[in-house]
1. Can you list the GluC sites (Glu not before Pro) in the range 39-139 that are in a DSSP coil and have 16 or fewer other beta carbons within 10 angstrom?
2. Go ahead and run the numbers for FRET between Tyr84 and Leu51, Cβ-Cβ distance against an R0 of 45 Å, rounding to 0.05.
3. From a point 7 Å beyond the Cα of Ala233 in the direction of its Cβ, which residues of the range 128-165 have a backbone N at a distance under 12 Å?
4. Within the range 42-124, which trypsin sites (Lys or Arg not before Pro) sit in a loop by DSSP and count at most 15 neighbouring Cβ atoms inside 10 Å?
5. So how much slack lies between Glu257 and Ala174, counting 0.36 nm per residue of separation and subtracting their Cα-Cα distance, in nm?
6. Compare the peptides 92-99, 244-251, 159-166 by average per-residue count of other Cβ atoms within 10 angstrom and give them in order, highest first.
Amino acid sequence: MSETALAGAPRPAPGAMAAARALLRRSPAAARLVVVVVVVALWELAGHTVLDPNFLSPPSAILQAMPRVLGEAGVRNALWASLYELVIAFVIAVVAGVAIGLPIGLSGFTMRATLPLILLLYAIPQVTILPLFVLYFGIGAGSKIAFGVSHGIFPIILNVIAGVQGVEAAHLTAARSMGATRLQMIHRVVLPHMTPSLFTGLRLAMSGTLLGVLLAELYVSTGGIGYYARVFADSFDPPATFTLVVMLALMAVVLNETVRLAERRASFWRAHRH
């Protein structure tokens, strides 16, 4: 091709490119949207070229399968059952994790005595003890909730302990010198300072709880998204399987946004406490 032809080819206006870059820098949501669109486009292209659609369905095939999959009453009931189990397990993990981690973090002796045990339990591959959950809680929702709690509670405990330990001793000494009781110190000093660490634990616990619930459904359930994912995978129906994956991703997004909004409100409260 001649240099004249290359010179005559249309080029993006520098001003438009600069404006687009400025928009992406100002709006993280727009940048995320661009990334998602690019990934989906590359996935669609690869699904029709280099990838076998029988193993990795392109997005268009997943969209076509959604009405068929979500039109089944059993699948819809499974979605609600999994969401219910996930929310209950997450709430229990948060409450229990804070209730356990807070007193451990406040006591240096207790932390030194119990933290190695907590880390040891956290390091155990929990899928190996799933049969114990089934024996104790049965094959109903109880085993899935309990297994989800077992995956979500440890990130909460560890991050609460880290947040409490991060409180400066001078702040505690100042509160104690002004006559603050132990509950007042926790409410006015410890909780505001441990908020960032706590919400880090909440995000990790959310993913862990979702993993625990799904693992329990895959192995012992006769309902729930995990059960139908196994059924669709065994029947070699990748579009239906990926439809369930998309629904799980939507659940995770909803929970993540809920945690993010709670974090913003807690940060506002923390700023006004100071």
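Bear in mind these aren't lab numbers, they're just calculated from the coordinates by the rules spelled out. Note that the structure is predicted; figures quoted are calculated from it, not measured. Glycine gets a Cβ as well: all are built from the backbone with ideal geometry, and neighbour counts include every protein chain shown.
1. Numbers: sites: Glu44, Glu72, Glu85; in loops: Glu72.
Those that pass, being in a loop and sparsely packed, are Glu72.
2. After rounding, the FRET efficiency stands at 0.80.
3. Those under the cut-off are none; the list is empty.
4. Working: sites: Arg68, Arg76, Arg112; in loops: none.
Within the range 42-124, no trypsin sites (Lys or Arg not before Pro) qualify (loop, at most 15 other Cβ atoms within 10 Å).
5. 26.2 nm
6. Those peptides, ordered most packed to least, come out 159-166, 92-99, 244-251.
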